[in-house]
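Below: one structure, written as structure tokens.
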Amino acid sequence: MSAGGETFERVVASLRAWEPSPGTTGGARAVRARLDADLNADAGTPWERAVVERTRGSLVGDVVVDGAVGVVLLDAAHVPSVTARLGVLADHFEYLVVYWWATDPAGADARRTVERYHSANELGLSGLAYVSRPAPASATTEGRSLAGPVALAAGAGATALLCAATVAVGAGAVGPLASDALARGLLAATGALFLGTLGLGAAMTR
């Protein structure tokens with residue numbers, strides 16, 4: 001494998017293993033810092049270091065490694081012009097890494113379309129890889145994690161209420177008529193609480 005091919009594989013592996021924090025901004029600056037630190041972690045001398053440069057302009061990659069591997073950051077907003085841009089980049093680099101910086105669900109179809117119709121062979125590249133930035137945990141996932149504990153706590157409360165009513169009636173704490181009315185009322189309240197719990201759990205898991 002050529003030196004460029006080895007660098008390409010290292011760049012792809014580094015970006016795929018990277019989990020930037022939710023507050024990470026800067027795009028190309030953050031990617032350059034990541035690659036510079038990761039690729040050169042074991043460099044013993046300056047001559048062993050990979051040259052990781054940040055560039056600007058639509059005719060070059062956002063980050064370039066050793067002059068052979070271009071890294072371009074894209075999101076759904078770039079899709080209309082991505083064909084022309086990737087074609088130009090393919091004329092400048094032997095290897096290209098497309099890093100999806102924005103991975104919101106609304107742009108998933110657009111990203112898949114780009115990946116389906118733009119391959120290394122189609123662009124005349126020795127190597128092409130698509131890497132997606134890890135998506136942050138969604139509010140839906142958080143809601144699902146809370147649904148179980150909420151339902152369990154409410155169910156336990158309903159059970160305790162029903163048990164208390166049974167003990168009170170069984171112990172004769174109230175008169176027969178009052179006991180019957182109390183039991184019916186508590187059973188109705190327990191049923192309402194149970195149904196409310198089910199509704200809350202269903203809403204939180206949507």
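For residues that are farther than 22 Å from Glu9 by Cα and open to solvent by 50 Å² or more (accessible area, probe 1.4 Å), tally how many sit in region 76-96.
Adding up the residues that qualify gives 6.
Can you name the condition, by its number, that Tyr99 falls short on among (1) touching a residue at least 60 places away in the same chain (Cβ under 8 Å); (2) exposed (fewer than 12 other Cβ atoms within 10 Å of the Cβ); (3) among the hydroxyl-bearing types (Ser, Thr, Tyr)?
Checking Tyr99 against (1) touching a residue at least 60 places away in the same chain (Cβ under 8 Å); (2) exposed (fewer than 12 other Cβ atoms within 10 Å of the Cβ); (3) among the hydroxyl-bearing types (Ser, Thr, Tyr), the one that fails is (2).
Just checking, does region 82-96 include any residue being closer than 16 Å to Tyr130 by Cα, touching a residue at least 60 places away in the same chain (Cβ under 8 Å) and not in a helix (DSSP H, G or I)? Reasoning before the result, please.
Residues of region 82-96 closer than 16 Å to Tyr130 by Cα: 82-83, 85-87, 89-90, 93-96.
Filter again for touching a residue at least 60 places away in the same chain (Cβ under 8 Å), leaving 94-95.
Filter once more, so that each one left must be not in a helix (DSSP H, G or I): 94-95.
Yes; the residues of region 82-96 include at least one that is closer than 16 Å to Tyr130 by Cα, touching a residue at least 60 places away in the same chain (Cβ under 8 Å) and not in a helix (DSSP H, G or I).
Taking region 26-47 only, how many residues are in contact (Cβ under 8 Å) with a residue 40 or more places away in the chain and in a loop (DSSP other than H, G, I, E, B)? Don't jump to the end; show me each part of the working.
Step one: of region 26-47, the residues in contact (Cβ under 8 Å) with a residue 40 or more places away in the chain are 27-28, 31.
With in a loop (DSSP other than H, G, I, E, B) added as a condition, the list becomes 27.
Selection size over region 26-47: 1.
Mind checking which residues of region 74-103 are within 17 Å of Pro20 (Cα to Cα) and at pLDDT below 90?
Selection gives Leu74, Asp75, Trp101, Ala102, Thr103.
When residues of region 1-44 are filtered for being touching a strand residue (DSSP E or B) at 6+ places or on another chain (Cβ under 6 Å) and open to solvent by 70 Å² or more (accessible area, probe 1.4 Å), how many remain?
Total satisfying the criteria: 2.
Tell me whether region 68-75 contains one or more residues that are outside any helix (DSSP H, G or I), within 23 Å of Pro134 (Cα to Cα) and open to solvent by 40 Å² or more (accessible area, probe 1.4 Å).
Going residue by residue through region 68-75, those that are outside any helix (DSSP H, G or I) are 68-75.
Remaining after also requiring within 23 Å of Pro134 (Cα to Cα): 69-75.
Next cut, open to solvent by 40 Å² or more (accessible area, probe 1.4 Å) only: 75.
The answer is yes; a qualifying residue exists.
For region 70-91, state whether one or more residues are more than 24 Å from the chain's Cα centre (by Cα) and among the acidic types (Asp, Glu).
Yes: region 70-91 contains one or more residues that are more than 24 Å from the chain's Cα centre (by Cα) and among the acidic types (Asp, Glu).
Taking interchain pairs and intrachain pairs at least six residues apart, which have beta carbon atoms under 6 angstrom, with the first residue in region 6-17 and hydroxyl-bearing (Ser, Thr, Tyr) and the second in a helix (DSSP H, G or I) and open to solvent by 10 Å² or more (accessible area, probe 1.4 Å)?
The qualifying pairs are Ser14/Asp38.
Restricting region 45-57 to residues that are in contact with a strand residue (DSSP E or B) (Cβ under 8 Å, 6 or more places away or on another chain) and of a type outside the set (A, V, I, L, M), which is surrounded by the most Cβ atoms within 10 Å (Cβ to Cβ)? Before you say what the answer is, go through the steps one by one.
From region 45-57, those in contact with a strand residue (DSSP E or B) (Cβ under 8 Å, 6 or more places away or on another chain) are 50-55; that's our starting set.
Narrowing the set further to residues that are of a type outside the set (A, V, I, L, M) leaves 53-55.
Details: Glu53: 14, Arg54: 18, Thr55: 14.
The extreme case among them is Arg54.
The values are calculated or read from the model by the stated rules, or taken from the named source; none is laboratory data. Not measured: the values here are computed from a predicted model. FYI the Cβ positions are ideal-geometry reconstructions off the backbone, even for glycines, and counts take in every protein chain you see. Ligands, DNA and RNA are excluded from the accessible area calculation, which covers all protein heavy atoms including side chains. Shrake-Rupley method; radii C 1.70, N 1.55, O 1.52, S 1.80 Å.
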